[in-house]
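First up is the structure itself, then whatever we jot down about it.
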Amino acid sequence: MLELLVALLALALAYFALLDGWYLVRVPCAVLRARLLQPRVRDLLAEQSYAGRVLPSDLDLLLHMNNARYLREADVARAAHLTRCGVLEALRALGARAVLAASCARYRRSLRLFEPFEVRTRLLGWDDRAFYVEARFISLRDGFVCALLRSRQHVLGTSPERVVQHLCKRRVEPPELPADLQHWIAYNETSSQLLRAESGLHDVLKDQ
């Protein structure tokens, strides 16, 4: 019995030492909870909330939530959001997937130890290649927006338009994207062109 306990402990230590253990547990749990325990959200553009609290493992040397943790929490909340509104199911039905292609973050005020917060996620819109998602970190102490994250979810294997059409059973025009988001998209396009030029891909694509 003791040997079994030692083996299980060693396995648990190896799991958390070699893998990003909590993340690999939390995302599937968030997806299952959204699918089985929470009501389906029919409005693709509706805002959804995901509750959280700053834990000791989230802190950095300045004793506030580490900047990388915001991205982690936004990732978990986004998985739950896309599950509840049916996007993940539609992607799977179409044999497609979505990957994070770009993100940006604004940090406005620190979240402190044990401070409760909500991640309020909403789909801002889509274009011919990607969905654009926003996550706001709201302190539940006073309602202040502590951080704002935007992400570009690139769709592989189909198009965002087909995903939305699969969900709504009809063609839906994408909403007009906010002006600041359009500037960010333009920046990403310019950056991609510069990087392709640096690596010589621009000339290769031009020859093709």
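We did not get these values from a lab; they are worked out from the coordinates using the rules stated. These numbers come from a predicted model, not from an experiment. Every residue, glycine as well, gets a Cβ built from its backbone with ideal geometry; the counts of neighbours run over all protein chains shown.
Calculated [222 nm] ellipticity per residue, helices only, for the chain: -14500 deg cm²/dmol; basis is -39500 (n - 2.57) per DSSP H run with n ≥ 4, divided by all residues, nearest 500. Could you compute how fast the stretch 41-84 diffuses translationally, taking Rh as the Kirkwood radius over C-alpha pairs and applying Stokes-Einstein at 4 °C with viscosity 1.567 mPa s? Give it in µm² per second. This corresponds to a translational diffusion coefficient of 109 µm²/s. Normalised by the number of residues in the chain, the mean separation of alpha-carbon contacts (under 8 Å, six or more apart) gives a relative contact order of 19 percent. Only one of (1) 11.0; (2) 16.8; (3) 12.7 was calculated from the structure for mean projected area of the Cα convex hull in nm², and its label is (2). Each peptide in 41-53, 179-191 was scored by the mean count of other Cβ atoms within 10 Å over its residues; highest first, the order is 41-53, 179-191. Springs join every pair of Cα atoms under 10 Å in this Gaussian network model of the chain, and among ARG141, ARG112, ARG122 the largest mean-square fluctuation is at ARG141.
Which of ALA68, LEU88, SER57 sits closest to the plus end of the dipole of the stretch 1-101, meaning its Cα is farthest towards the positive end, when Lys and Arg get +1 and Asp and Glu get -1 on the C-beta? Of the options given, the answer is LEU88. Net charge dipole, the chain: roughly 660 debye, given to the nearest 20, about the Cα centre with Cβ charges of +1 for Lys and Arg and -1 for Asp and Glu. Volume per residue for the stretch 1-85 equals 131 cubic angstrom (convex hull of Cα atoms).
For the options GLU176, GLU89, GLU198, a Gaussian network treatment of the chain with springs between C-alpha atoms closer than 10 Å singles out GLU198 as fluctuating the most.
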